[in-house]
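Structure record follows, encoded as structure tokens.
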Amino acid sequence: MVARRARVAGWGKYVPANVVTNRDLSETLDTSDEWIRSRTGIAERRVAGSDEATASMATIAGRNALAVANVAAEDVDCVLVATCTPDYSMPATANLVQAGLGATRAGACDINAACSGFVYALALGDSCIRAGLFRTVLVIGAETFSRIVDWNDRATCVLFGDGAGALVLRATDEDYGLLATTVGSDGSRADLLLVPGGGSRMPASASTIEDRLHMVRMDGREVFRFAVGVLPRITEQVIAAAGWTLDDVDLFVAHQANVRIIQSAARSLGLPDEKVYVNVHRYGNTSAASIPIALCEAYEEGRLHDGSAVVLAGFGSGLSWAASALRWGPTPGRVGLIAPPGNAFQD
Ligand code: COA
């Protein structure tokens, strides 16, 4: 018997229908398919429709994940949404998702750790389950970066895309689920990747809008350098914390920002291609949504099985980073809960 922890009971994703290819971008920007592909691996990305936003995409991803888990919305104890592109400054996007799902007994809040946010949210959901506070937590990563990139800045707008992914976490006393997590932050380098305007530091005004201060600013080269350094480090840390070796790892699912960053990390770790998941060519960088979308697609492609040893590793604005060691499974329908679902606050 192992200690109570959180296992992955369901997974779901949503990406907008509107596909924007590199060629589409080259019609309005001084860029090319060749430049974008060779520097980043990105071929196309999804852009939300005018009737869509982070909460609506997150709600669909969450509903899909609950369906896979065969969990009713009323049985969710807490909805955590990792996002840095919320619908509003307040309320949290998670409140909108909770209402949209009909998760009437759930608490809800957002977590902002930018592109690392999903792994942070998983760690928090897992901790609450371990502590006995919740039994069922819906963890969602959702972003609408198309609304905060400067479509005139070729150095940033080509990199990002929109979408949402979700996992249902449930309490288990079996040897599945989140085994270890590591997180970190270096706020002294916050200026490398930020949106300067629109917060309490620089509230919206005519001049912030004129100066395009509500859009993403990035030092791409420095962020690249940071990413290729931090990814192998946190992967090794979390593998050791889980009691694994690199040979034990079945699938490495890193934040999908740039294929060169992922390949560089895999090379320095000595992980062969078949153990490295990549789908950045389809969606670009969807920030907090990239890891759960990647997990859904890895499962659909038959690359995740009951008992697979998976490493999740995120990095991004903050600077921030987070990694988890996860034992995938068991497949929904094969296992019961250690207790009936409920809301700890109402027990
Ligand atoms: N199309 C064509 N040229 C472009 C371009 C584009 N979309 N974007 C930038 N360029 C130009 C630059 O203006 C620069 O021109 P210059 O030399 O005349 O000034 C040139 O390409 C080279 O720029 P450089 O920054 O050296 O390219 P790079 O090889 O470092 O690649 C990034 C740029 C952004 C792809 C790369 O730095 C990167 O991926 N960084 C990490 C970004 C990231 O993942 N952020 C999110 C983290 S969560």
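Say we join alpha carbon atoms closer than 10 Å with springs in a Gaussian network model of the chain; which of 223, 238, 278 then has the biggest fluctuation?
223
How long is the gain from residue 29 to residue 190 if the chain were fully straight, where each residue apart is worth 0.36 nm and the alpha carbon distance is subtracted?
Details: separation 161, 0.36 × 161 = 57.96 nm, distance 2.77 nm.
Length gained, residue 29 through residue 190: 55.2 nm.
If packing is taken as the average number of other Cβ atoms within 10 Å across a peptide's residues, how do 262-268, 200-206, 86-92 rank, most packed first?
Working: 262-268: 18.6, 200-206: 9.7, 86-92: 15.7.
Those peptides, ordered most packed to least, come out 262-268, 86-92, 200-206.
Expressed as a whole percentage, what fraction of the accessible surface of the chain belongs to carbon and sulfur atoms when a 1.4 Å probe is rolled over the protein heavy atoms? Before the final figure, lay out each step's value.
On the way: 6990 of 13960 Å².
Taking all protein chains in place, the chain shows 50 percent carbon and sulfur surface.
Given R₀ = 30 Å, what would the calculated FRET efficiency be for residue 74 paired with residue 250, taking r from the Cβ atoms and rounding to 0.05? Walk me through the intermediate numbers first.
Details: r = 35 Å, r/R0 = 1.15.
Here the calculated transfer efficiency is 0.30.
Go ahead and run the numbers for FRET between residue 51 and residue 90, Cβ-Cβ distance against an R0 of 25 Å, rounding to 0.05.
On the way: r = 22 Å, r/R0 = 0.88.
With a Förster radius of 25 Å, E is 0.70.
Given the Cα-Cα distance of residue 260 and residue 301 and 0.36 nm per residue of separation, how much length would full extension add, in nm?
Additional length available on full extension: 12.6 nm.
Net charge near residue 18, counting Lys/Arg +1 and Asp/Glu -1 over other residues with Cβ under 12 Å of its Cβ? Before the final figure, lay out the partial values.
Working: positive: 45, 46; negative: 24, 44, 51, 52, 162.
The answer is -3.
Enumerate the amide H contacts of residue 216 below 5 Å, restricted to partners 5 or more residues apart or on another chain; note that Pro and chain-start residues carry no placed amide H.
Counting only residues 5 or more places away or on other chains, the set is 149, 150.
Would you mind working out the accessible area per residue for the chain, using a 1.4 Å probe, and quoting it in Å²?
Numbers: 13960 Å² over 347 residues.
Heavy-atom accessible area per residue stands at 40 Å².
Run the simple label-point estimate for residue 210 and residue 273 please: 7 Å along Cα→C-beta, distance reported in nm.
Inter-label distance under the simple model: 5.3 nm.
Which helices count as membrane-span-like in the chain under these terms: full DSSP H, at least 20 Å along the axis by C-alpha, Kyte-Doolittle mean of 0.0 or more? It would help to have the intermediate numbers written out before the result.
Details: long enough: 54-69 (22 Å, 0.91); 220-242 (32 Å, 0.67).
Helices meeting the criterion: 54-69, 220-242.
Starting from the Cα of residue 3, step 7 Å toward the Cβ, then list every residue of segment 177-195 with an amide N under 18 Å from that point.
177-183
Applying 1/(1 + (r/R0)^6) with R0 = 45 Å to the Cβ-Cβ distance of residue 240 and residue 67, what FRET efficiency is obtained, to the nearest 0.05? The partial results should precede the final answer.
Numbers: r = 36 Å, r/R0 = 0.80.
Between residue 240 and residue 67 the formula returns 0.80.
Please report the net charge: other residues with Cβ closer than 9 Å to the Cβ of residue 242, K and R +1, D and E -1. Please list the in-between numbers first.
Numbers: positive: 327; negative: 248.
Combined, the nearby Lys, Arg, Asp and Glu give 0.
Which whole-percent values make up P(r) of segment 5-175 when all C-alpha to C-alpha distances are grouped in 10 Å steps starting at zero?
P(r) over segment 5-175, rounded to whole percents: 11, 37, 29, 16, 7, 0.
Provide the convex hull volume over Cα atoms per residue for the chain, in Å³. Provide the component values of the computation, followed by the final result.
Details: hull volume 44.9 nm³, N = 347.
Taking only Cα atoms, the chain has a hull volume of 129 Å³ per residue.
Output the relative contact order of segment 101-246, whole-number percent, from Cα pairs under 8 angstrom with separation of 6+ residues.
Once divided by the residue count of segment 101-246, the mean separation gives 19 percent.
The values are calculated or read from the model by the stated rules, or taken from the named source; none is laboratory data. These figures come from a predicted structure and were not determined experimentally. Because the Cβ atoms are built from the backbone with ideal geometry, glycine has one as well, and the counts that use them run over all protein chains shown. The accessibility values were calculated without ligands, DNA or RNA, using every heavy atom of the protein model including side chains. Shrake-Rupley method; radii C 1.70, N 1.55, O 1.52, S 1.80 Å.
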